[in-house]
Structures are given as C-alpha cells and as structure tokens.
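Before any comments, here is the structure.
The values are calculated or read from the model by the stated rules, or taken from the named source; none is laboratory data. Note that this is a predicted model, so its numbers are computed, not measured. Cβ placement follows ideal geometry from the backbone for every residue including glycine, while neighbour counts extend to all protein chains displayed. The accessibility values were calculated without ligands, DNA or RNA, using every heavy atom of the protein model including side chains. Shrake-Rupley method; radii C 1.70, N 1.55, O 1.52, S 1.80 Å.
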Amino acid sequence: IGASLIILLLAGILLKKKNRLGLASLILTLLVLFLTPFLKELKCNSLNPVIFYLDMKRSPFPLIPWSSHLFAGAFFAFLYSKLSLRNFYASLLTTGLLFLFIEKTSLLSSIAPTLAALGKVLFLFLFSRLFVPLYEKSLFILRIAGESLFLYVFHIIIVYGSVLKKGLSHYLGGFLNLAETFSVFVLVLVVSFAAAYAVLQLRRNRPIFY
C-alpha cells in the first residue's frame, strides 16, 4: 500500500493535472494486471526488499497484483469526481459484473483471478453503501471513522501478523467453516473498534502519550 501510494504521489507531482492522473491510474492498473502472469512464477531468494515485494510466493501482499486494487481505486475516485452519483455506481456495478463474467469464461484467463478479486471488492463497496444511513446515525461509528488508518493497520496485524508475531491466518487459515469464520470476523471487528475507540480517547484526553 505504501509503495503504491508513493507511486501515485509521484505520478500526481509529475503530471500535475487531475485528468492526467486519472488516465495514469487506469494505465497503471492495466499494466499491473498484465504483468501479473509473468511475475507469478518469479523465484528468487534475494533479501532485497524490492525483489521480496514482487515475489508472489513469499510476500503476504506482493506489489503485483495487489497494487492494481489501489490504482483502480484511484481511477474510480477520478470517475467519482466526473460522473453523477447514479452513473458512478452504475459504472462500478457494470465493471464488477464484467470482471466476474471474465472469470467464468476463458477470456483473459491469466489475469481472470485478479479481475475477479477486484470485482468482488467493487461489489463489497456497493453493498457497504446500503448501510451509510445507519452509519450516519451512529455517533460511535462517526467518531472512530477518524481512526480508519489505525483500524486498517490493527486488523491487518491481527489477521496476518507482523514481524513480531504470526496472525490468525497462520493458526486458523483453512480450518474454519463458514459460521466459525463469520464469528471470528465479528470478534476481530469488535476488538478493532474497541481498540480504535481507546486510541481516540487517548488522543483526546492524553495527547502527550499518544
């Protein structure tokens, strides 16, 4: 994520105009998608961090293909600034359906899994929009929304681990049924929200410690 954001930041500085950055985001998305099959078989034991984050077998979140999600997000943010809300949601729905259709056919088979994953993210985003009226009425949700970066990093550490300790995916991955997986999801959600609220209170009441 950090590397992808730096790439987008540099592109924004160099290109300067929003339209150019929007086009660059689309080009970067397509570039990553079509590079994915070639780098999938990369085998290298180098400790070089650049090589490590390109290695799909060793890195938990390899730069390719996962950076395509962030670049695509930047492109859709550009579309959001250009289209009406109705047309924007229609474009997300159409793109998601197209990506899932590609997965079910023999078209672009080498990048179909990545496209399908991106399509599912789009559907999750559209699904989450149904709950916006609910979020807007919850003072608790609105408060901890300001700690979204903490929430993201915290849940990643819980699920995938860190350099200090392995995460839940190491101990539970592949062993849970649907009901158990959902229970763990709810537990992680509650713990993450509680931690974010604690950080929020610490920042407000004890800024020197924060």
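The set of residues in region 146-199 that are under 18 Å from the mean Cα position of the chain (by Cα), closer than 25 Å to VAL132 by Cα, surrounded by 15 or more Cβ atoms within 10 Å (Cβ to Cβ) and at pLDDT 85 or above comprises PHE150, LEU151, PHE154, HIS155, ILE156, VAL188, SER192. Within region 111-122, the set of residues being open to solvent by 60 Å² or more (accessible area, probe 1.4 Å) and touching a residue at least 24 places away in the same chain (Cβ under 8 Å) comprises LYS120, VAL121. Right, SER128: touching a residue at least 60 places away in the same chain (Cβ under 8 Å) and not basic (Lys, Arg) or not? Considered against the rule, which asks whether it is touching a residue at least 60 places away in the same chain (Cβ under 8 Å) and not basic (Lys, Arg), SER128 comes out as no. Suppose we filter region 131-145 for residues that are open to solvent by less than 60 Å² (accessible area, probe 1.4 Å) and touching a residue at least 12 places away in the same chain (Cβ under 8 Å); how many remain? Final tally of qualifying residues: 1. Against the list (1) farther than 22 Å from PHE185 by Cα; (2) modelled with pLDDT of 85 or more; (3) of a type in the set (A, V, I, L, M), the condition VAL121 fails is (1).
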